[in-house]
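First the structure, in the form of structure tokens, and then the observations on it.
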Amino acid sequence: MLSKAFAKRDLAELPKLSDEERIFRRLLFFMHSSCDHRNLYGDDGEMHCHTCDIDFVRDSAKDIEERISDINLAKYAESLKGNDTDE
Ligand SMILES: [Zn+2]
């Protein structure tokens, strides 16, 4: 099922990306499939994660960086909860 934000976008309208930018965005997209972000849509030139709603084609590099940083910080914070050794 598509997220609401993804469904609103005009799927026929893909932004023009340089070959190099498309390669780096594709690498980010595939690397992003680790852990619990396996709900990826990659048909028709799209690169979208339905778990966190990152659009690897249309979102700015800054927005993608911030979203991935937030996700990783949340995972790190969650990992610390099980490591409380104050005994
Ligand atoms: Zn994701």
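Going from the residue with the fewest nearby Cβ atoms within 10 Å to the one with the most, Ile54, Ile68 rank Ile68, Ile54. What FRET efficiency do you get for Leu73 and Leu14 if R0 is 41 Å and r is their Cβ-Cβ distance, rounded to the nearest 0.05? E between Leu73 and Leu14, to the nearest 0.05, is 0.85.
Kirkwood hydrodynamic radius of the range 12-72, from the reciprocal of the average inverse Cα-Cα distance over all distinct pairs: 11.7 Å.
Values in this text are rule-based calculations from the coordinates and carry no lab data. These figures come from a predicted structure and were not determined experimentally. For neighbour counting, all protein chains shown are included, and Cβ atoms are generated from backbone atoms with ideal geometry for every residue, glycine included.
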